[in-house]
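Structure record follows, encoded as structure tokens.
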Amino acid sequence: MADPLQLNIGRVRRTVAASPSEKAYIKSIRDQASVIKQNLLKVINYIDNITPEAIRFGLKPIFDESQRLVPVDEGTLKASGFVEVRKTATGASAVIGYARHGRPHYAGFVHERLDIHHAPPTQAKFLETAINTHIDDFRRRVALFYQKNTGLSK
């Protein structure tokens with residue numbers, strides 16, 4: 001398996017043998033680089049493990065806003081709202097939506113029909129509006145999640 005992280009601080013080719021003090025200096029640099037590498041690997045592994053949580057944190061304002069805007073008659077459509085985040089081989093994937101597996105069957109009509117009146121603040125295009133309102137905040141919230149949970153700052 002390939003090394004998941006490599007550090008490269010340049011390379012020096014020598015044609016003559018290094019002195020004992022130079023050998024000690026090179027060993028010291030390699031030891032320090034090894035510690036840095038191990039610390040970076042810990043952060044990378046931690047981030048890799050929390051990526052789904054970070055994405056969920058980033059999507060929360062979108063979902064919350066869509067829940068505020070979704071029209072409610074009996075509450076079935078609102079209750080069908082979901083956020084699903086999964087770890088994948090390449091990172092993570094997310095789905096945010098309503099009417100998983102087509103239940104309730106009328107979700108698409110309620111979302112798309114602009115000619116039907118809904119009591120404010122509910123409206124058609126409830127998910128689309130929430131996404132358009134909060135999408136620019138998504139990246140900032142994911143970065144904030146990582147900063148809070150890894151101790152890293154800008």
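The values are calculated or read from the model by the stated rules, or taken from the named source; none is laboratory data. Remember, it's a predicted structure, so these values are computed and weren't measured experimentally. With ideal geometry, Cβ positions are generated from the backbone for all residues, glycine too; neighbour counts draw on all protein chains shown.
Kindly indicate whether any position in region 99-117 is under 16 Å from Ser66 (Cβ atoms), surrounded by 16 or more Cβ atoms within 10 Å (Cβ to Cβ) and within 13 Å of the chain's Cα centre (by Cα). No, every residue in region 99-117 fails to be under 16 Å from Ser66 (Cβ atoms), surrounded by 16 or more Cβ atoms within 10 Å (Cβ to Cβ) and within 13 Å of the chain's Cα centre (by Cα). When region 75-98 is filtered for residues that are within 19 Å of the chain's Cα centre (by Cα), β-branched (Val, Ile, Thr) and more than 15 Å from Gly58 (Cα to Cα), the ones remaining, listed by number, are Thr88, Thr90.
Select from region 1-60 the residues that are basic (Lys, Arg) and within 29 Å of Asp137 (Cα to Cα) and write down the one among them that is modelled with the lowest pLDDT.
Checking each candidate, the answer is Lys42.
Does Gly81 fit the bill of being of a type in the set (Gly, Ala, Ser) and surrounded by 15 or more Cβ atoms within 10 Å (Cβ to Cβ)? Working first, answer last.
Numbers: of a type in the set (Gly, Ala, Ser): yes; surrounded by 15 or more Cβ atoms within 10 Å (Cβ to Cβ): yes.
For Gly81, the condition - of a type in the set (Gly, Ala, Ser) and surrounded by 15 or more Cβ atoms within 10 Å (Cβ to Cβ) - is met.
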